[in-house]
1. Could you rank Ile34, Ile6 by how accessible they are, 1.4 Å probe, largest area first?
2. Whenever you get a sec, line up Leu24, Leu60 from highest to lowest accessible area (probe 1.4 Å, protein heavy atoms).
3. For the range 1-79, what is the largest minus smallest coordinate of the Cα atoms on each principal axis, given in angstrom and ordered from greatest to least?
4. Taking the mean number of other Cβ atoms within 10 Å as a proxy for protection, how do you rank 10-22, 36-48 from highest to lowest?
5. So what are the range 47-114's ellipsoid semi-axes, whole angstrom, largest first, if each one is the square root of 5 times an eigenvalue of the alpha-carbon gyration tensor?
6. When ligands, DNA and RNA are left out and all protein chains stay put, how many square angstrom of accessible area per residue does the range 14-83 have with a 1.4 Å probe?
7. Can you give me the span-like helices of the chain, meaning DSSP H runs with 30 Å or more of Cα extent along the axis and Kyte-Doolittle mean at or above -1.0?
8. Tally up the carbon and sulfur contribution to the accessible surface of the range 1-62 as a whole percent, 1.4 Å probe, everything protein left in place.
Amino acid sequence: MNVITILGLNLGLLKVNTDYEAFLALVLYRNFIIPLSFLFIINKYVNAGSKTKQFWIMCLGEGVLVLEDLLAQYMNVLTYIKWSTWYSLGTIFLYMVGGIYLARWFERVEKKEA
C-alpha cells in the first residue's frame, strides 16, 4: 500500500491509466523509481558535511522527485482529478523529512551498539 494507491483507489483524487504499457510503467514508477530515489537522496543528505550541502541536496532531491511526478503525468500514467503538483511537493517533503529523521535514528542506534 502506498500513496498512489490510497489517493487513486480509496480517495479518488487521481486516476491511474489501465493500459498494459502504462500500468507497467506505473508499477516501475511506484515500486522502484520513487523508493530508490528517496533512498539515494536521503543517503546523500545524511552523508553531506555542511548545512549548505544538505540544503542543496534537499532542494535538488525535491526537484528531481517532482520532475518524476510531472513526467508520469505527461506520459499519461497518472491523471490528477482533485490533486495538484503542490500537494505532491508537500507529500514528498514530508516523506523526505520523515526519512531523514529515521536515518538519523538508525545512526544513533548504531553508535550505541558499537
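The values are calculated or read from the model by the stated rules, or taken from the named source; none is laboratory data. From a predicted model like this one, the values you see are computed outputs, not experimental measurements. Every residue, glycine among them, receives a Cβ derived from its backbone with ideal geometry; neighbour counts consider all protein chains shown. Side chains are part of the model used for accessible areas, which takes the heavy atoms of the whole protein and leaves out ligands, DNA and RNA. Shrake-Rupley method; radii C 1.70, N 1.55, O 1.52, S 1.80 Å.
1. Most to least solvent-accessible, the answer reads Ile6, Ile34.
2. Heavy-atom accessible area, descending, gives Leu60, Leu24.
3. Over the range 1-79, Cα extents along the principal axes are 45, 22, 17 Å.
4. Listed from highest to lowest mean packing, they are 36-48, 10-22.
5. Sorted largest first and rounded, they come to 31, 14, 10 Å.
6. Accessible area per residue: 67 Å².
7. Both cut-offs are met by 51-74, 85-113.
8. On the way: 2890 of 4210 Å².
Percent of accessible area from carbon and sulfur atoms in the range 1-62: 69.
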